[in-house]
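The values are calculated or read from the model by the stated rules, or taken from the named source; none is laboratory data. Just so it is clear, the model here is predicted, and its values are computed rather than measured. As a convention, Cβ positions derive from the backbone with ideal geometry for all residues, glycine included, and neighbour counts pool all protein chains shown.
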Amino acid sequence: MTDVDAGSGDRLALAVLAQYRMATTEQMHLLLNPQVRVEQTRRRLAKLRAEGLVDRITLPQRGRLRVWFPTEYGVQVACEWPELRGRRPSKAVSDRTAVRLRVGHALTVTETGLAFLQDARRRDELCRPLDWIPEVYHPIGSGEAVIPDALLYYRRGRDGGEGAMLRAFVEVDRATMGPERLAAKLTAYARLYDYVPAPAPGRRHRQAGQEPVREEWRRHYW
């Protein structure tokens, strides 16, 4: 298996692509390190591609825009790292056909995450590239789930100081969803807010000192 050094920019680049699903060269440059020349980002991505960890497609209709994505092998490597533990990315965009089918929405979601990151940098607040997590699955019972476009972690206040830790579900509106689907999505969020998982069989009566049953989202974000 390929050994990507824990402190290297290569490792962060692969982790970002595994988590974000896809990004353009310019987006990767701004996400990783806008202080260096963009050619350095291009060389890094080319190196990862030569190692079979990422691949790319070219969109002629957008001025031959290059869009990068992780290969199945790249996802496998990245998912073994502690920084992606519990965030196992989807492998559904690890081939070129799937990327082409999802590229419009996925790049818009990446651009939205980049906007939060750049604003945090300007404010000297804490929001790192991997604090933007697309498509996190949140069950609401009966086999249904809420899957926001992204989950955002953000800490207000200057980096190194104290500040409130914020978490937010982010939905990116591209005016492609009809009113019925939008209403259903809002209803699903309302269900998530109140959803309490059913206790396991034989454990319906809470014992003294045991933590009370809470809404599912509070177990993770409260």
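Below is a table of values for the structure above.
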read-out: Selected residue (only one of Ala115, Ala106, Ala150 is hydrophobic (A, V, I, L, M, F, W, C), in contact with a helix residue (DSSP H, G or I) (Cβ under 9 Å, 6 or more places away or on another chain) and more than 26 Å from Glu216 (Cβ to Cβ)); value: Ala106
read-out: Residue in the range 94-105 that is surrounded by 13 or more Cβ atoms within 10 Å (Cβ to Cβ), under 16 Å from the mean Cα position of the chain (by Cα), closer than 19 Å to Thr58 by Cα and modelled with pLDDT of 95 or more present; value: no
read-out: Pairs with Cβ under 9 Å, 6+ apart, first in the range 66-82 and within 20 Å of Ala98 (Cα to Cα), second among the polar types (S, T, N, Q) and part of a strand (DSSP E or B); value: Arg66/Thr24; Arg66/Thr58; Val67/Thr24; Val67/Thr58; Trp68/Thr24
read-out: Qualifying residue in the range 34-46 (condition: acidic (Asp, Glu) and more than 24 Å from Arg121 (Cβ to Cβ)); value: no
read-out: Considering residues of the range 116-160 that are at positive phi and assigned to a loop (DSSP other than H, G, I, E, B) only, the residue modelled with the lowest pLDDT; value: Gly160
read-out: Of all residues making up the range 74-87, the number that are loosely packed, with under 13 Cβ neighbours inside 10 Å and either closer than 20 Å to Glu51 by Cα or at pLDDT below 80 (or both); value: 3
read-out: Lone qualifier among Leu59, Leu45, Leu14 - being of a type outside the set (Val, Ile, Thr), farther than 25 Å from Phe116 by Cα and either surrounded by 14 or more Cβ atoms within 10 Å (Cβ to Cβ) or modelled with pLDDT under 95 (or both); value: Leu59
read-out: Hits in the range 30-42 (condition: crowded, with 19+ Cβ neighbours inside 10 Å and over 17 Å from the mean Cα position of the chain (by Cα)); value: Thr41
